[in-house]
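The block underneath contains the structure these notes are about, expressed in structure tokens.
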Amino acid sequence: MSETTPPIPDSWKTGPRRGAVAVIWRGEELLVIRRALHIRAGGMMCFPGGGIEAGESEEEALMRELREELNAAVVPVRRVWQSTTRWGVELNWWLAELPDHSTLAANPDEVHSINWYTPPVMSRLSNLLESNREFLTLAAKGEIVIR
């Protein structure tokens, strides 16, 4: 671990070991949330999503998490990538659709703010989660197809 890489907080080492992440477009922008300040990785920017519960499929988890976080009914389209975080959480990245008529509402227990950014702007956010930055870098290189 380099001097610039902070140690992994103990609180990040517990909880679900698998997660589903939603990649949602609106025109040229991606849906990005700022996590609530009092939760794991509080204040960090990321794609919405969360833990996959026992007996739940990736798609079911994605739909449930977006309902809980943003009061959104999303439609999973296809898995575009799979990664494992440096603290051992397997992430399943899904391209998903949000119906045009949807009004998002942040659940303050989980989400501080709802944002829309182009991939270049998102990749420059100083408080972007490491896994999201890696995803955007690979997408920019064409190694992940997100359209």
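Some observations on this one:
- Options T118, T85; residue that is out of contact with any His (no Cβ under 8 Å at 6 or more places or on another chain), modelled with pLDDT under 95 and hydroxyl-bearing (S, T, Y): T85
Conditions (1) touching a helix residue (DSSP H, G or I) at 6+ places or on another chain (Cβ under 6 Å); (2) at pLDDT 95 or above; (3) closer than 23 Å to S126 by Cβ; (4) surrounded by 19 or more Cβ atoms within 10 Å (Cβ to Cβ), marked per residue:
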| site | (1), (2), (3), (4) |
| --- | --- |
| E3 | no, no, yes, no |
| V21 | no, yes, yes, yes |
| L31 | no, yes, yes, yes |
| V77 | no, yes, no, no |
| E90 | no, yes, no, no |
| W94 | yes, yes, no, yes |
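- Inside region 65-105, residues that are in contact with a Gly (Cβ under 9 Å, 6 or more places away or on another chain) and free of Cβ contacts under 8 Å to residues at least 12 places away in the same chain make up a count of 0.
- A search for C-beta distances below 7 Å between a residue of region 114-129 that is under 12 Å from I24 (Cβ atoms) and any residue that is open to solvent by less than 50 Å² (accessible area, probe 1.4 Å) and in a helix (DSSP H, G or I), counting only pairs 6+ apart in sequence or on different chains, returns I114/L70.
- Every residue from region 32-88 that is within 21 Å of N115 (Cα to Cα), in contact with an Asp or Glu (Cβ under 6 Å, 6 or more places away or on another chain) and outside any helix (DSSP H, G or I): A36, P48, G49, G50, V75, P76
- Boolean, E53 is among the charged types (D, E, K, R) and more than 15 Å from the chain's Cα centre (by Cα): yes
- The set of residues from region 105-122 being touching a helix residue (DSSP H, G or I) at 6+ places or on another chain (Cβ under 8 Å), open to solvent by less than 40 Å² (accessible area, probe 1.4 Å) and more than 22 Å from E53 (Cβ to Cβ) comprises P119, M122.
- Scope region 127-147; condition within 16 Å of the chain's Cα centre (by Cα), part of a loop (DSSP other than H, G, I, E, B) and more than 17 Å from Q82 (Cβ to Cβ); matching residues: N127
The values are calculated or read from the model by the stated rules, or taken from the named source; none is laboratory data. Bear in mind that the values here come from a model prediction, so they are computed numbers and not experimental data. Heads up, the Cβs are rebuilt from the backbone with ideal geometry, glycines too, and the neighbour counts pull from every protein chain shown. For the accessible areas, the whole protein counts, side chains as well, though only heavy atoms, and no ligand, DNA or RNA atoms are used. Shrake-Rupley method; radii C 1.70, N 1.55, O 1.52, S 1.80 Å.
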